[in-house]
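Inspection log for the structure reproduced underneath, given as structure tokens.
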Amino acid sequence: MTERAREREPEFTFELRVCRWAERAWEPARADSAVLVARQLGTRDRRWDTIVIECDPEGLEARACFGTERLDSDLLGVVRNAPREWSWYREALPEPDYPWRYVREAVHRAADRGIVESRKRDGRIELRRRWRYPDWVRRIVAIENKPDLDASAARALADQTERDVALALADEVWVATRRTGASVEPALLERLPVEAGILAFDGSESGDETGEPEVVWHPRSLAVPDPGTRILDRPEGGGHDRSAARFEYADPDWKAEKRLEIAERAYERGWRSYADTMRPDCRHFELREPAGPIPWCAAKGRSPTDRECSGSCPAFSPEPPAWRTRGWPIDGGPGKGQKRLLDRQRRRRRE
Ligand code: SF4
């Protein structure tokens, strides 16, 4: 890859290319699994760049009854425990470790969204389920994207990946990088834990497809049902000396809940939600087709990052009102059209 090409592809664009590849070509552990791809999701302490959810296809179809918006932890508590017959919510739902009024609010929210039924009888809120919440998530795969690696980036990445492996919240952990010359940065290979897989992508000047990545190292499946280890602190130099590290155990129930919350967020957002924080209403904004929906800035002659493509961009130029009257619906011009296109593609994946 040339220096010019390296300059041209920011990490953000590399990440979108990885998402696009995963959506098209990811091979799930069970061949009949459906695949959902999302980006920038995780827990409060750790956000993964790319997430692949391998789903039970029937479960995914059944999940659609609950709408396209995610179910947060409170709503999940309601829909997963809502009884078949009318019951007082305090008898039907598990005792929370916070005040019942928050559960009551969640029951109202769930009823407002039409995902449970509720009524008031003798001064008591009762509920019953409309559909059984399905078991739709089979596996979760986390991919960390680091296109350009030097020794210090490899060190930081190795530390992060070791934490991911120890916690075992995802079934598999991968690192996606860009091929340097004929191979992968040797510093990465030396430092990464053996449980993490490594994918090497070719560079791309235009954001177009550049073929399949090379699997440099196959990952090991992590023990998701077991308690995980949360590494809190490690002595300088880290490495393999764990004697002075501080850690705590992560409960399997906590892990199961977090996995479902992450899957719910992935279901809602997919990976095309980047348009929500960029400026498709700028006259220079384009989506590169047919290779895939990678944003392109005609003014800069390259793919912009989500940070620079904002209202404060010096080259931002709102699409002229006239564009909105030449066959575009009254509620928006090409920018709105591009957002609708991304939404349609996101919906199609879920279905
Ligand atoms: S000019 Fe700026 S705001 Fe407009 S598309 Fe390019 S990066 Fe985005």
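Readers should treat all values here as calculations from the given coordinates under stated rules, not as data from a laboratory. The shown structure was predicted, so the numbers you read here are calculated from the model rather than taken from an experiment. Counting neighbours? That spans all protein chains shown, and the Cβs are built from the backbone with ideal geometry, glycine included.
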- request: Give the long-range amide H neighbours of R230: residues separated by 5 or more places, or on another chain, with amide H under 5 Å away, using H modelled in the peptide plane at 1.01 Å from N.
  value: E248, Y249, A250
query: Which whole-Hz ³J(HN,Hα) couplings does region 115-122 yield from phi under the Karplus relation 6.51 cos²θ - 1.76 cosθ + 1.60, θ = phi - 60°, glycine and proline marked x?
result: 9, 9, 9, 9, 8, 10, 10, 6
- prompt: Extension gain D97-D112, at 0.36 nm per residue separation less the Cα-Cα distance, in nm?
  reply: 3.0 nm
- prompt: Name the residues of region 13-31 whose amide N is less than 17 Å from a point 7 angstrom out from the Cα of Q345 along the C-beta direction?
  reply: 13-26
- prompt: On full extension of the chain, what length is gained from E212 through A298, given 0.36 nm per residue of separation minus the C-alpha to C-alpha distance?
  reply: 28.2 nm
- prompt: Taking the Cα centre of region 24-144 as the origin, how large is its charge dipole in debye, to the nearest 20, when only Lys and Arg (+1) and Asp and Glu (-1) carry charge on their Cβ atoms?
  reply: 380 debye
- prompt: In nanometres, what is the gap between the two model label sites at A153 and R124, each 7 Å from Cα along Cα-to-Cβ?
  reply: 6.1 nm
message: Give me, ordered by chain and number, the residues 5 or more places off R138 or on other chains with an amide H under 5 Å from its own placed amide H.
response: E54, C55, D56
- prompt: So how far, in whole Å, is the C-alpha centre of region 106-144 from the one of region 24-51?
  reply: 24 Å
statement: Semi-axes (Å, rounded, descending) of the ellipsoid equivalent to region 21-171 per its C-alpha gyration tensor are 38, 19, 11
message: Residues of region 8-47 with backbone nitrogen within less than 18 Å of a virtual label 7 Å along the Cα-to-Cβ line of W254, please, listed as ranges.
response: 42-47
message: Test of understanding: what is the full-extension gain from D45 to T277, defined as 0.36 nm times their sequence separation minus their Cα-Cα distance?
response: 81.3 nm
- request: Please give the residues of region 147-176, grouped as numeric ranges, whose backbone N is less than 16 Å from a label point set 7 Å along the Cα-to-Cβ vector of R246.
  value: none
- request: Pull up all non-local amide H partners of R39: gap of 5 or more, or a different chain, and H-to-H distance under 5 Å with H placed in the peptide plane.
  value: I51
statement: Residue by residue through region 48-59, the couplings from Karplus 6.51 cos²θ - 1.76 cosθ + 1.60 with θ = phi - 60°, in Hz, x for Gly and Pro, are 8, 6, 10, 10, 10, 9, 8, 10, 5, x, 5, x
- prompt: Tell me which lysines have Cα within less than 27 Å of K339's Cα, excluding those fewer than 8 residues away on the same chain?
  reply: K300
statement: Cross-link reach from K255 to lysines, straight Cα distance under 24 Å and at least 8 residues apart if same chain, gives none
